[in-house]
Number of protein chains: 2
Amino acid sequence: MTAQIIDGKAFAAGLGDRIAEKAATFTEKAGRAPGLAVVLVGSDPASEIYVRSKGRMARKLGMESFEHTLPEDTTQETLMDLVAQLNADETVDGILVQLPLPRHLDSLSVIEAIDPAKDVDGLHPLSAGYLTSGLPGLVSCTPLGCLMLLKDQLGSLSGLDAIVVGRSILVGKPMAQLLLAENCTVTMAHSRTADLPEKVGKADIVVAAVGQAEMIKGEWIKEGATVIDVGTSRVIRDGEKHLVGDVDFASAATRARAITPVPGGVGPMTIMTLMHNTLIAAYRRKGYDVPELGA
Amino acid sequence: MTAQIIDGKAFAAGLGDRIAEKAATFTEKAGRAPGLAVVLVGSDPASEIYVRSKGRMARKLGMESFEHTLPEDTTQETLMDLVAQLNADETVDGILVQLPLPRHLDSLSVIEAIDPAKDVDGLHPLSAGYLTSGLPGLVSCTPLGCLMLLKDQLGSLSGLDAIVVGRSILVGKPMAQLLLAENCTVTMAHSRTADLPEKVGKADIVVAAVGQAEMIKGEWIKEGATVIDVGTSRVIRDGEKHLVGDVDFASAATRARAITPVPGGVGPMTIMTLMHNTLIAAYRRKGYDVPELGA
């Protein structure tokens, strides 16, 4: 078998078109565009790039982008005041505080201060609780993107055996809850897991979110499984830099039914699910019927 | 192999002694006893028995018990007012609203109105989120009791394969998160799970929380596994009423290393973990160092 390569970039582009359409509908109804506020503290170059691309994408899809850049030595109080101000601002539907924050700041307090209705990163503990409890809330962007790709590939996931390797708050844990809500039987695996190859080998769906270059080998994968690779690691091979995932792509592609590449798989979905969440938050906050956009 | 029978009643009694000791310490320090408020709406006979036994146990362990009984036709507003009043009451450390509520009342709004610091039933979505996120919060009583019995039996659970059968918000889902936090590899199984016997047969720890009499057969259990049975169903056999669990006890006991009986296993733990949670809530609310009591 040669796996189908899941084109996250193409899927994200299509999703972006649907979001832009629904953003335009919102703007017409509400008399203002859906608004995303992004807060950056300090001047980490990678964070600056992320923040800029988020703002650019929001504007491209017809949303308002509010960018707040605070100096590296910003106090907790100043940051909390800004969050309170964004919570109170009617035109702001989503608030994202770019992580990591400088070390002197307490990230958890900042995240917990965000109005859960505007928590488009899905990081508030209440958002995690809503997800577990099956209540409407906002879901962390990366796992939501993975779920969209899986549903696009497989249709119903009901009754399938899924393994999630990695148990981060940002990816692994919400991913497991999303798959459970789709009626998968879900195994949560991690660094202490015994016989990982055997367990991966039983799964119809493998989501790898460990952050270790190519630690999941192709021969572990069950014939016909669908593989979602969240990892991105930089490696140097034959003197050249490469970006690789948590899965050994070349060997896994000979066994899987479908697999995401790195780059170009899950990566492009993350920014688009952020836009998705902003749109959903805008619709919910206004009490409009929330459009169905793929998850 | 003949399984050791896990004596939940004896463990709960020992836990009760430790709680009583720490409640006395609290009372001495704080100048008041830890306080548990229980709210009952209507006159369901089973609920009345539960509420009465909770109050009795609290007093027995040296805590204050506040019992509020409201008529069947209580309005949402009256109930919400009472919750607000209990939230504001300094002498109340834990609030439990006995479920199910009469149908005309919205349970979720009531639960969400409880101060999460006093949510001794662990039902608030924020409590679920804290558990998933690894933050200190209050954990649903039944799964907490199961975890205590498991740790008492096995010591470290790290690296063990656990299966949780049943995915309720009250038991299955928090149970899975608790086992994950103990570094188990956790499989969440349910009614849509394929090949359940095979999956149960791989597990070192089986937690059954389905509510179907004896649906898990003894021959499914791996030799030497530890089995925790949360189910209680009434069945009539040879003209007599019996209480049975989700696991076929007689056949499972020939294969397991240890197993909880029904009744007398998980059952007696639930009320005691409620007392545990009330004590923990009292210590946390006062900013005292929280005592270690077995989970």
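The values are calculated or read from the model by the stated rules, or taken from the named source; none is laboratory data. Here the structure is a predicted model, which means the values were calculated and not measured. A quick note on method: Cβ atoms are made from the backbone with ideal geometry, for glycine too, and the neighbour counts reach across all protein chains shown.
Of all residue pairs spaced 6 or more apart or on separate chains, none has beta-carbon atoms under 7 Å together with a first member in segment A:1-25 that is over 30 Å from A:S251 (Cβ atoms) and a second member that is in a helix (DSSP H, G or I) and hydroxyl-bearing (S, T, Y). All told, B:R234 meets the bar of being surrounded by fewer than 24 Cβ atoms within 10 Å (Cβ to Cβ), of a type outside the set (A, V, I, L, M), more than 11 Å from chain A (Cβ to nearest Cβ) and touching a His at 6+ places or on another chain (Cβ under 9 Å).
So that you can scan it fast, the table gives a plain yes or no per residue for (1) closer than 25 Å to A:Q177 by Cβ; (2) modelled with pLDDT under 95; (3) aliphatic (A, V, I, L, M):
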position	(1), (2), (3)
B:G172	yes, no, no
B:V210	yes, no, yes
B:I216	yes, no, yes
B:I221	no, no, yes
B:G231	yes, no, no
B:T260	no, no, no
B:P263	no, no, no
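Of the residues making up segment B:175-194, not a single one is over 20 Å from A:P125 (Cα atoms), touching a Phe, Trp or Tyr at 6+ places or on another chain (Cβ under 9 Å) and either crowded, with 22+ Cβ neighbours inside 10 Å or not assigned by TED's automatic domain parsing to the domain that holds B:K222 (or both).
Just one of the numbered conditions (1) out of contact with any Asp or Glu (no Cβ under 6 Å at 6 or more places or on another chain); (2) in contact (Cβ under 8 Å) with a residue 40 or more places away in the chain is not true of B:P116: (2). Which residues, counting only those in segment B:56-69, are in contact with a strand residue (DSSP E or B) (Cβ under 6 Å, 6 or more places away or on another chain) and surrounded by fewer than 17 Cβ atoms within 10 Å (Cβ to Cβ)? Within segment B:56-69, B:R59, B:E67, B:T69 meet the criteria. Within segment B:24-48, the set of residues being over 20 Å from the mean Cα position of the chain (by Cα) and aliphatic (A, V, I, L, M) comprises B:A24, B:A30, B:A33, B:V41.
So is A:T232 of a type in the set (S, T, Y) and under 22 Å from A:D161 (Cα atoms) or not? Here the answer is no, as A:T232 does not meet what is asked.
Taking the conditions exactly as written (farther than 30 Å from B:A30 by Cα and touching a Cys at 6+ places or on another chain (Cβ under 6 Å)), does B:I228 satisfy them or not? So B:I228 passes the test. Based on what the data block shows, is B:G239 touching a helix residue (DSSP H, G or I) at 6+ places or on another chain (Cβ under 7 Å) and free of Cβ contacts under 8 Å to residues at least 40 places away in the same chain? Taking the combined requirement at face value, the residue does not satisfy it.
At least 2 residues being within 13 Å of chain A (Cβ to nearest Cβ) is the threshold, and among the helices (runs of 4 or more DSSP H) wholly inside segment B:104-214 those reaching it are B:107-113, B:125-133, B:172-181, B:196-200. Of the candidates B:L105, B:L86, the single residue that is crowded, with 17+ Cβ neighbours inside 10 Å, farther than 30 Å from B:K29 by Cα and in contact (Cβ under 8 Å) with a residue 40 or more places away in the chain is B:L105. Say whether the condition of being buried (at least 16 other Cβ atoms within 10 Å of the Cβ), aromatic (F, W, Y) and either without any contact (Cβ under 8 Å) to a residue 24 or more places away in the chain or outside the structural domain of A:L149 (by TED's automatic domain parsing) (or both) is met by at least one residue in segment A:281-289. The answer is yes; a qualifying residue exists.
Among the residues of segment B:13-45, those that are at pLDDT 95 or above and of a type in the set (S, T, Y) comprise B:T25, B:T27. In this structure, A:T74 does satisfy being of a type in the set (S, T, Y), crowded, with 18+ Cβ neighbours inside 10 Å and closer than 21 Å to A:L105 by Cβ.
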